[in-house]
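One structure below.
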Amino acid sequence: MATKEKDQKDEFLLQIKQEHTPEEIKNKIENLKGLKVLVIGDTIIDEYAFCESVERAKKEPILVFEHDYSEYHGGGILAIANHVAEYADNVVLLTLIGNDWRVRQIVDETLNRKVKRKFFFDNKYPTLEKRRYLYSYRTHKMFEVYNKKNDLVDIPEEEIIEHLENVLPDFDLVIVADFGHGLITERIVDVLSRKSRHLAANVQTNNGNLGFNLITKFKRADLISITLEELQLALQDNKSDLKTLIEKLSEKTNCGRINITLGKHGMLYFDKSSSFHMVPVFNEEVVDTTGAGDAVFSIVSMLSVKNSSPKLVPFLGNCVGALAVKILGNKRPVKKEELIGFIDKLLSE
C-alpha cells in the first residue's frame with residue numbers, strides 16, 4: 001500500500017477508534033439479527049468454468065483449452081439474499097425463475113436454507129446464466145459468455161404487484177437490486193417506492209443494459225448504493241465533481257443516504273444529516289471483484305435502517321468489501337464471524 005493511502009487508512013481508523021469501541025461495533029452487527037428483510041431482484045447463475053491450456057490448435061491460429069471442471073454460484077439477488085441472511089434471521093427472497101429445472105436445482109443448492117422463498121415462474125424465460133472461463137493455474141478470467149440477450153417474456157407483473165401491495169408494510173427493510181433483466185418494471189418500482197417502510201435500492205449497469213438501466217427510475221429511496229460509473233450515467237454527467245453529482249442524485253431520488261463505491265479508492269458515503277464521509281480501502285489482496293459491490297450494498301442497507309452513525313456505515317461496508325474481494329465470485333457470503341474478526345484486527349493495528 002502506497003504511503004499516502006496508508007496514511008489515509010491510519011487516520012480514518014484512528015477516528016473510528018476514538019468514536020467507537022470494538023464491543024460497540026460488534027453489538028451494532030449483532031443487532032441486525034432482528035431485522036425483517038425482503039430482498040427482491042433478478043436471479044443470475046454464475047458458472048466458473050476452469051480450463052487447462054492445450055497450447056495452440058494444430059490447423060488454426062487459435063488457443064485451445066481443455067475444460068477441467070465448473071463451479072456454480074448463486075449470483076444476482078441470490079448472492080444478496082445470502083449476504084443478508086448472514087446477519088438477519090428473517091429474510092424473504094422474491095424473484096423470478098425460468099424454465100430450466102437444472103437452474104432451479106442450482107438455486108436450491110446455493111441459497112441459504114433460512115431464506116424464505118417467494119418465487120414466481122416464467123416458463124418461456126431461461127434464467128440468466130453467466131459463464132466465465134478461467135485459466136485454472138492462476139484463476140485468471142479469460143472471457144465471459146451470457147446464455148441470453150433478451151429480457152423477460154411473460155413476467156407475472158400483476159401477480160407480483162398484488163403480492164407486494166399486501167406484504168411490503170410488514171418488512172423493516174426492503175432491498176431491491178435491479179440488474180436490468182426485466183423483473184423490476186416501472187410499476188414494480190412505483191409500488192416499492194410507495195409501500196416500503198425503508199427502501200434500499202441498487203440499479204446496476206452491465207454489458208447487457210449499458211445506459212438503459214439507471215437509478216433515477218426510483219423517485220424515492222432511503223438508501224442508494226451504486227458505482228461511480230452508474231452515478232455518472234444516471235445523471236449524464238462525467239465532468240462534475242463527485243460530491244456535486246451525489247447531491248444532484250439525492251434531489252432526483254429524494255434519497256438522504258447515498259453510497260458510491262470507488263474500487264481501489266474506497267467509497268464515499270453521503271448522509272444528508274452529516275454531509276460526506278470518505279473511507280479508504282482496507283485490503284489490497286484481490287481474488288475477484290465480482291459480487292463485492294453486492295456484499296457492500298447488503299450490509300450498508302441493513303445498517304442504514306438501524307440509523308447507525310454515518311461514519312460507521314461506510315466503515316463496515318468497506319470491511320465487508322475487503323473480505324468479499326478475497327472470495328471467488330459469489331462462492332459464499334462474507335460470514336459475520338469473519339467480519340468481526342477482521343474489524344478486531346484492523347482496530348488493533
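Of VAL305, LEU214, ILE340, whose Cα points farthest to the positive end of the dipole of the chain (charges on the beta-carbon: +1 Lys, Arg; -1 Asp, Glu; origin at the Cα centre)?
Toward the positive end, the furthest listed residue is VAL305.
At 222 nm, what helix-only mean residue ellipticity would the chain give, in deg cm²/dmol to the nearest 500, using -39500 (n - 2.57) for each DSSP H run of four or more?
Values: 11 runs with 125 residues, N = 349.
Estimated from H runs of four or more residues: -11000 deg cm²/dmol.
Report, as a whole number in µm² per second, the diffusion coefficient that Stokes-Einstein gives for the chain at 25 °C and 0.890 mPa s using the Kirkwood radius over alpha carbon pairs. Working shown, then result.
Values: Rh = 20.9 Å.
D, rounded to a whole number, is 117 µm²/s.
Please compute the contact order of the range 3-347 in relative form: average sequence separation of alpha-carbon pairs under 8 Å and at least six residues apart, divided by the residue count, as a percent.
16
Going by average Cβ neighbours within 10 Å, how do the peptides 98-106, 252-260, 291-299 rank, with the highest at the top?
Values: 98-106: 15.2, 252-260: 20.3, 291-299: 26.2.
So the peptides 98-106, 252-260, 291-299, ranked by packing, come out 291-299, 252-260, 98-106.
Once a ≥ b ≥ c are taken as the square roots of the eigenvalues of the Cα gyration tensor of the range 87-216, is the result rounded (a/c under 1.5), prolate (a/b larger than b/c) or oblate (a/b not larger than b/c)? Provide the component values of the computation, followed by the final result.
On the way: a/c = 1.63, a/b = 1.50, b/c = 1.09.
Verdict is prolate for the range 87-216.
Which value, in debye to the nearest 20, describes the size of the charge dipole of the chain about its Cα centre when Lys and Arg Cβ atoms bear +1, Asp and Glu Cβ atoms bear -1, and nothing else is charged?
The dipole of the chain has a size of about 180 debye.
Which of the helices in the chain, when you take each full DSSP H run, stretch at least 20 Å along the axis at their Cα atoms and have an average Kyte-Doolittle score of -1.0 or higher?
The qualifying helices are 292-305.
How many angstrom lie between the C-alpha centres of the range 97-167 and the range 267-311?
First find each Cα centre; the distance between them is then 26 Å.
Read-outs throughout are calculated quantities, based only on the coordinates presented, and are distinct from any laboratory measurement. Here the structure is a predicted model, which means the values were calculated and not measured. Reconstructed Cβ throughout: ideal geometry from the backbone, glycine too, with neighbour counts over all protein chains shown.
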